[in-house]
1. Quick check: at a probe of 1.4 Å, how many percent of the accessible area of region 12-89 sits on carbon and sulfur atoms?
2. Compute the semi-axes of the equivalent ellipsoid of region 9-72, taking the square root of 5 times each eigenvalue of the Cα gyration tensor, and list them largest first in whole Å.
Amino acid sequence: MNDTTGNDTTGNDTGRERTERELAEALAALAGGVHAAPDAYRTARGDWLRRERRRRLVLAVLVLLVFALATLMGLWVLNQAPSGSGVIFSGVGGTTAGTGPG
């Protein structure tokens with residue numbers, strides 16, 4: 001009968017087996033031609049460390065900038081407060097701390 005599983009019991013290569021074998025041979029030949037540079041790891045690690053330092057520096061600058069802007073805005077708001085009678089507790093007409101009944 002016809003074998004549709006791809007297993008050929010007669011010893012002949014089926015299309016699937018031949019394709020797998022040719023693909024494996026092509027990939028092996030391609031991999032055999034690839035040679036890494038001797039200092040590739042050191043170069044890649046240096047690049048990664050440089051990017052990490054730059055990322056941390058940018059983050060520190062942004063935090064410093066936000067802090068400085070918040071401080072300047074707070075000072076500006078305090079400077080805009082009216083300089084008139086801004087007394088909350090004048091001590092007139094009520095009790096002051098420590099002089100209550102008892």
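1. C and S atoms contribute 67 percent here.
2. Each semi-axis is the square root of five times an eigenvalue, giving 57, 18, 5 Å.
The values are calculated or read from the model by the stated rules, or taken from the named source; none is laboratory data. These numbers were taken from a predicted model, which means no experiment stands behind them. What goes into the accessible areas is simple: the full protein's heavy atoms, side chains included, and nothing from ligands, DNA or RNA. Shrake-Rupley method; radii C 1.70, N 1.55, O 1.52, S 1.80 Å.
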